[in-house]
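Below: one structure, written as structure tokens.
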Amino acid sequence: MKRLIECVPNFSEGRDPAKVDAIVAALSSVPGVYVLDREMDADHNRCVITLAGEPDAVAEAALLGTGKAMELIDLTKHTGAHPRVGATDVLPFIPIEGVTIEDCVALARRVGHEIWKRYRIPVFFYEAAATRPDRVNLENVRRGQFEGLGEEMKRNLDRQPDVGEPKVHPTAGVTVVGARKFLIAYNVNLNTPNVSIANKIAKAIRYSSGGLRYVKSMGVELKARNLAQVSINLTDFEQTPMHRVYAMVKREAERYGVMPVGSEIVGLIPKKAIEMAADFFLQLEDFSPAQVFENKLEDALGGALLERGKGGKLAGLARPFLDAVASPTATPGGGSVSAFAGALAAALGQMVAGLSRKKKSQAGYAEQLSAALDEMRRITDELTEAIDLDAASYDAVMAAFKLSQGDARETRQREEAIQKATQGAAEVPMKVATRAVELFERLGQLESIAAASMRSDLQVARLMAEAGARGALANVEINLESLTDAAYATSMRVKVSALRERLGNAARATRA
């Protein structure tokens with residue numbers, strides 16, 4: 001399996017192309033590392049570079065880039081609109097393929113210690129790699145910027161670095177290293193130079209001030225363009241889509257008599273985010289990512305177009321999963337089928353919301369249907385992923401049973417591995433059941449705003465969601481029977497009972 005990560009270092013230089021070229025050269029000098037993108041901003045005086053490749057290679061490239069930035073950037077002479085604490089200001093690692101967020105945390109910790117060892121630059125860890133809750137959010141670490149942090153580190157124990165001495169490097173400051181999910185850096189420019197308006201809008205939309213979940217934002221003055229900007233970090237674009245952020249910025253701007261004059265993406269963006277925005281703003285009927293030429297071509301070239309069976313295209317696409325379930329192997333089994341049933345229910349929910357949104361009769365519910373469509377997409381993705389997770393969790397149990405039990409120590413280790421793997425095999429279907437019950441409830445709410453012609457599809461979706469939930473709960477219970485941790489098993493059984501009662505209540509409410 002390929003192991004790929006992304007790294008998006010932010011360097012405090014956005015005005016001197018020669019310095020950025022030198023940093024990029026250092027980053028790309030490691031074999032197997034690909035520099036995918038570079039963005040420079042003179043107002044921010046900052047550049048953002050996107051790398052991808054094998055984890056170890058990307059880690060070494062990040063270290064070399066940090067060393068080159070230390071040589072070229074002097075923060076005592078640096079000014080810019082964007083907050084910064086280091087020459088290499090932020091160094092996040094992002095899992096892409098064959099790598100978990102936990103792997104990226106371990107990598108971030110290793111790189112952080114190596115930065116101190118090689119360059120004597122103190123390091124703070126943030127996001128998933130944070131060692132303290134108050135350092136999860138980057139803005140907390142960066143409070144006071146280079147100048148203020150340097151003073152605070154001398155006298156405030158809470159501002160001590162995670163790695164290194166409690167004083168900033170004299171010219172390179174500190175570096176903040178972390179691990180996170182894919183982040184979209186998205187800026188909206190306003191037709192006013194009044195940065196106080198941008199700050200008010202930023203406060204209204206960011207989660208820490210009561211705004212949108214997964215949104216961080218601040219106001220920035222773009223002196224060179226005589227504009228104010230709402231600078232946004234979107235930490236989970238699937239749960240809070242980019243188009244919803246833009247719509248809220250536009251609505252808030254209208255309160256102050258201004259409007260967006262454009263928006264920009266810093267670095268790279270997943271294709272899915274653009275597809276979601278296109279679907280929302282263009283109100284495309286029956287839109288599917290399969291209609292995108294590049295997606296179709298990638299599937300064809302990669303051999304992902306499954307062989308069509310005698311029943312036609314749809315039967316051909318379904319056949320591989322059916323054959324895998326029918327095969328005389330333990331996985332995929334009932335847990336994967338339960339997750340698949342839930343994913344089908346959510347996919348049907350997408351269809352109902354998407355088609356209903358296009359009908360004139362439902363125009364008054366367009367915004368609610370759009371929100372439901374986004375939610376159904378997210379649940380479909382989660383439950384689809386759970387199909388493989390459930391199979392993997394059961395495979396882990398089987399692998400534990402095959403461990404050696406030659407002496408007392410090996411027997412004890414084997415039993416501990418079995419218990420740990422069995423807990424994992426119970427937790428995956430518990431998450432599936434929880435999500436499927438939520439889906440069942442949400443589909444019931446959708447009935448009141450969906451088109452009448454979609455009622456039978458909605459009914460099928462709810463039946464599939466209920467089947468997925470009940471099947472997943474059965475899988476939880478069968479795994480609990482093998483656990484020796486009575487307290488854990490009891491707490492899980494309480495959750496099972498609560499979900500069954502919640503499912504029953506939702507079904508009765510719908511009938512009523």
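Go over the candidates Ala59, Ala52, Ala87 one by one and state the one that is in contact with a Phe, Trp or Tyr (Cβ under 6 Å, 6 or more places away or on another chain) and closer than 27 Å to Arg15 by Cα.
Being in contact with a Phe, Trp or Tyr (Cβ under 6 Å, 6 or more places away or on another chain) and closer than 27 Å to Arg15 by Cα holds for just one of Ala59, Ala52, Ala87, which is Ala52.
Could you tell me which of the residues Arg500, Arg462 is assigned by TED's automatic domain parsing to the domain that holds Val437 and either on the phi > 0 side of the Ramachandran plot or within 28 Å of the chain's Cα centre (by Cα) (or both)?
Of Arg500, Arg462, the one residue that is assigned by TED's automatic domain parsing to the domain that holds Val437 and either on the phi > 0 side of the Ramachandran plot or within 28 Å of the chain's Cα centre (by Cα) (or both) is Arg462.
Would you pick out the residues in the range 220-235 that are under 24 Å from the mean Cα position of the chain (by Cα) and either part of a strand (DSSP E or B) or of a type in the set (A, V, I, L, M) (or both)?
Matches in the range 220-235: Val230, Ser231, Ile232, Asn233, Leu234.
The rows are residues; the columns are (1) buried (at least 18 other Cβ atoms within 10 Å of the Cβ); (2) small (Gly, Ala, Ser); (3) modelled with pLDDT under 90.
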| residue | (1), (2), (3) |
| --- | --- |
| Val99 | yes, no, yes |
| Cys104 | yes, no, no |
| Leu107 | yes, no, no |
| His113 | no, no, no |
| Arg118 | no, no, no |
| Glu127 | yes, no, no |
| Arg132 | no, no, no |
| Glu151 | no, no, yes |
| Lys154 | no, no, yes |
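Scan the range 450-463 and report the pairs whose first residue is part of a helix (DSSP H, G or I) and whose second residue is β-branched (Val, Ile, Thr), with Cβ atoms within less than 6 Å and a gap of 6+ or a chain change.
Qualifying pairs under 6 Å: Met454/Val352; Asp457/Val352; Leu458/Val352.
Taking Ile205, is it modelled with pLDDT under 90, crowded, with 17+ Cβ neighbours inside 10 Å, among the β-branched types (Val, Ile, Thr) and closer than 30 Å to Gln350 by Cα?
For Ile205, the condition - modelled with pLDDT under 90, crowded, with 17+ Cβ neighbours inside 10 Å, among the β-branched types (Val, Ile, Thr) and closer than 30 Å to Gln350 by Cα - is not met.
Please enumerate the residues belonging to the range 218-231 that are modelled with pLDDT of 95 or more and farther than 17 Å from Tyr256 by Cα.
Passing the criteria: none in range.
Which numbered condition in (1) of a type in the set (Phe, Trp, Tyr); (2) touching a Lys or Arg at 6+ places or on another chain (Cβ under 9 Å); (3) modelled with pLDDT under 85 is the only one that Phe281 fails?
(2)
Against the definition (in contact with an Asp or Glu (Cβ under 9 Å, 6 or more places away or on another chain) and in contact (Cβ under 8 Å) with a residue 12 or more places away in the chain), how does Ala253 come out, yes or no?
no
Look through the range 496-512, keep the residues that are surrounded by 15 or more Cβ atoms within 10 Å (Cβ to Cβ) and of a type in the set (Lys, Arg), and return whichever of them is farthest from Ala469 (Cα to Cα).
Across the range 496-512, the extreme among qualifying residues is Arg502.
Of the residues Glu294, Glu275, only one is part of a helix (DSSP H, G or I), under 20 Å from the mean Cα position of the chain (by Cα), at pLDDT below 85 and not basic (Lys, Arg); which?
Glu275
Being among the basic types (Lys, Arg), surrounded by 14 or more Cβ atoms within 10 Å (Cβ to Cβ) and at negative phi is true for just one of Arg409, Arg357. Which residue is that?
After applying the criteria, what remains is Arg357.
Which condition does Ser263 not pass, out of (1) crowded, with 17+ Cβ neighbours inside 10 Å; (2) part of a helix (DSSP H, G or I); (3) under 24 Å from the mean Cα position of the chain (by Cα), if it passes all the others?
So the condition that Ser263 fails would be (2).
Could you list all residues from the range 50-63 that are under 16 Å from Ala25 (Cβ atoms) and surrounded by fewer than 23 Cβ atoms within 10 Å (Cβ to Cβ)?
Thr50, Ala57, Glu60, Leu63
The values are calculated or read from the model by the stated rules, or taken from the named source; none is laboratory data. Since this is a predicted model, take the numbers as computed values, not measurements. Heads up, the Cβs are rebuilt from the backbone with ideal geometry, glycines too, and the neighbour counts pull from every protein chain shown.
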